[in-house]
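The values are calculated or read from the model by the stated rules, or taken from the named source; none is laboratory data. Because the structure is predicted, anything quoted here is derived from the model rather than measured. No Cβ is skipped: glycine too gets one built from the backbone with ideal geometry, and neighbour counts run over all protein chains shown. For accessibility, only protein heavy atoms count, side chains too; no ligands or nucleic acids. Shrake-Rupley method; radii C 1.70, N 1.55, O 1.52, S 1.80 Å.
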Amino acid sequence: MNRLKSFLAGKWNEGLTAPTALLNPATEEPLAEIATGGTDLAAAVGFAREVGGPALREMTFKQRGERLQKMAKVIHAHRDTLIHLAIQNGGNTRGDAKFDVDGAMGTLSFYAELAETLGDTSVLVDGEGVKLGRSPRLYGQHVLSPRCGVAVHIGAFNFPAWGAAEKAACALLAGMPIISKPATATALVAHKMTELVLEAGILPEGAFQLLLGQVGDLFDHLGGQDVVAFTGSSATGAKLRGNPRLVSENVRVNIEADSLNAAVLGPDAQVGSPTYDLFLADVVRDMTQKTGQKCTAIRRVLVPEPLEARVREDLCERLSAIKVGNPMLDEVTMGPLATSSQLADVRAGVAKLRAETEVVLSGLQASPLGVPSGKGFFFGPTLLRCPRSGPSSAVHCHEVFGPVSTVIPYDGTAQAAVEIVRWGAGGLVSSVYSDDRAFLTDMVLGLSPFHGRLYLGSAKIADKAPGPGTALPQLVHGGPGRAGAGEELGGLRGMALYLQRTALQGDKALIDAITGRG
Ligand code: NAP
């Protein structure tokens, strides 16, 4: 069996514990295995702080950006290999796998281009300076400089390539070395990507380490210059946030967690209009892309009462055309869930929602294509309907991380839609489909405090928009409350986690000279 190795303190290490098998979720065939332990994680943290960090900080932002571009090129050169691994280990269709791998390349390239605009400097000027007294000499200026610790990145199973790359791009460009820990079940892609980048010799020694399996005592070695950026479930996020060492040392922690993203159809959207069709296409894509295992996927579909029956009918027709099966087959448009525990969670989640919903389309009947009988972690697209709900209803509190959404009728007013969406208690992204400016304005004002991103689907962008489920490096990814209260990406904003903001106070000429403005 292919034993995947961690790369820590400059050495590959295959671990000591009883190994966990990584499976093909369509066939349940073992592909590789991972074991943990046997590594000195204090040494790995030290290696990042003492070797990787200084080497990165010796470079300017522009030079670090050049390394990111090289990383994107290496991934591009091995794109087919990575896509194949994502199909095998993630249950991804080819389209799903491209979404992950191309997303990784795109994000690295975006930050590489951003670095060119930052130039050959080691410190970033943050905003305009201010005169602090009567004399123009006494001056204040905020600056941003790389933190001197290590960035620990913990990823979810659903985006092994993009998830690692979007965190890495921001940390490396900011000048912080990384210890990256991918989710175990789908680690083949993240492991291969690391191997490729390390073999290409793009990054200085100590700038990138890979920890497979459990985190062990890693957190016990972290301190006030370090950062933990986590993506995963709220339950794990809460454990991390409460970790005594992270709390006592005030380690910066960023959490990207669950989200009950909503899609709201406006009362003005006529059946068959570009806005209505965009709404349908986005809901179906989000329910089925990556088998609904996207943190940004639409879970709640709000529809004005008069349109509800028609929307259900149209969604059912499109969802029934989805071909579920082994993603190695070209005709398959939706693969399995990533693991048996995901399948168990989705089944349990649907049972929970069923207490207050009606089944419109059941995923249980799906018989997957091209799969040995009884094998694979399959669950077909499932549409539920919740005619009456309140703030504590499961549909607003429980994320089913699979191809499952619930249609919720509302009275067509922005006020009612805002109230219902807010019951989700904070989300990564919600979308509103309307061409009515007054309705959209009310929705934006009502929903913005509860979301990191709002997607406004209208006729003018219907043929251009990627849908709400695509996180873009230019825009913030993250959300308040249930979504973890974290923030990633968003151009320069994504680097803030890894940079220290310092207010310089003194002689303007001196500050201008130090910050390269003199
Ligand atoms: P998870 O079970 O919480 O695991 C996430 C990561 O945390 C994995 O790498 C896991 O490692 C690690 N982990 C588990 N227990 C830990 C502990 N005690 N200390 C440190 N690390 C620990 O989540 P998942 O099942 O992989 O991902 C699905 C969830 O992620 C969904 O709820 C989804 O909404 C959320 N998600 C959010 C975003 C976002 O950007 N907001 C993006 C994607 C997914 P092992 O795999 O080794 O257990």
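Some values worked out for this structure:
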{"item": "Backbone HN-Hα couplings from phi across segment 325-339 [Karplus 6.51/-1.76/1.60, Hz, Gly and Pro as x]", "result": "x, 5, x, 5, 7, 4, 6, 6, 10, 8, x, x, 5, 6, 8"}
{"item": "Potential extension, residue 128-residue 329 segment - 0.36 nm per residue separation minus Cα distance", "result": "66.8 nm"}
{"item": "Residues of segment 472-511 with amide N under 15 Å of the 7 Å Cα→Cβ point at residue 250", "result": "500-503"}
{"item": "Most to least packed among 465-471, 103-109, 138-144 [average Cβ atoms within 10 Å]", "result": "103-109, 465-471, 138-144"}
{"item": "Alpha-carbon centroids, segment 343-386 and segment 199-218: separation in whole Å", "result": "38"}
{"item": "Whole-Å semi-axes of segment 433-518's equivalent ellipsoid (Cα gyration tensor)", "result": "37, 16, 14"}
{"item": "Whole-Å distance, taken between Cα centres, linking segment 70-139 and segment 480-518", "result": "17"}
{"item": "Under Karplus coefficients 6.51, -1.76 and 1.60, residue-wise ³J(HN,Hα) of segment 58-66 in Hz, glycine/proline x", "result": "6, 8, 8, 4, 4, 5, 5, x, 4"}
{"item": "Cα Rg, Dmax (largest Cα-Cα span) when computed across the chain, Å", "result": "23.7, 82"}
{"item": "³J(HN,Hα), Karplus 6.51/-1.76/1.60, whole Hz, each residue of segment 210-220, x for Gly, Pro", "result": "10, 10, 9, x, 7, 7, x, 9, 3, 5, 5"}
{"item": "Candidate lysines - alpha carbon under 19 Å from residue 11, same-chain residues fewer than 8 apart omitted", "result": "181, 192"}
{"item": "Rounded accessible area per residue of segment 262-473, 1.4 Å, Å²", "result": "39"}
{"item": "Dipole of the chain, positive end: most advanced residue of 326, 485, 459 [Cβ charges, Cα centre]", "result": "485"}
{"item": "Cβ-based net charge around residue 225, under 10 Å, with every Lys or Arg adding one and every Asp or Glu removing one", "result": "+1"}
{"item": "Rounded to 5, the percent of DSSP beta bridges in segment 262-473 classed as antiparallel", "result": "10"}
{"item": "Selected from 86, 148, 1, residue furthest toward positive end of dipole (the chain; charges at beta carbon)", "result": "148"}
{"item": "Angle between the chain longest axis and helix 79-90 axis [Cα atoms, degrees, rounded to 10]", "result": "60"}
{"item": "Residue-span extension gain [residue 77 to residue 195] - 0.36 nm each, minus C-alpha spacing", "result": "41.1 nm"}
{"item": "Projected label distance in nm at residue 359 and residue 142, using a 7 Å step from Cα toward the beta-carbon", "result": "5.3"}
{"item": "Total lysine pairs whose alpha carbons fall under 30 Å of each other in segment 262-473 (8 or more apart, or interchain)", "result": "14"}
{"item": "Spin-label pair residue 373/residue 475, simplified geometry with 7 Å Cα→Cβ offset, distance in nm", "result": "4.8"}
{"item": "Label-point separation, residue 347 to residue 236 (7 Å along Cα→Cβ), nm", "result": "2.2"}
{"item": "Sorted peptide list for 479-491, 28-40, criterion being average Cβ within 10 angstrom, highest first", "result": "479-491, 28-40"}
{"item": "Interchain or long-range residues, amide H under 5 Å from residue 360's placed H", "result": "383, 384, 385"}
{"item": "Total formal charge among the other residues, if their Cβ is under 12 angstrom from that of residue 144, Lys/Arg +1 and Asp/Glu -1", "result": "+2"}
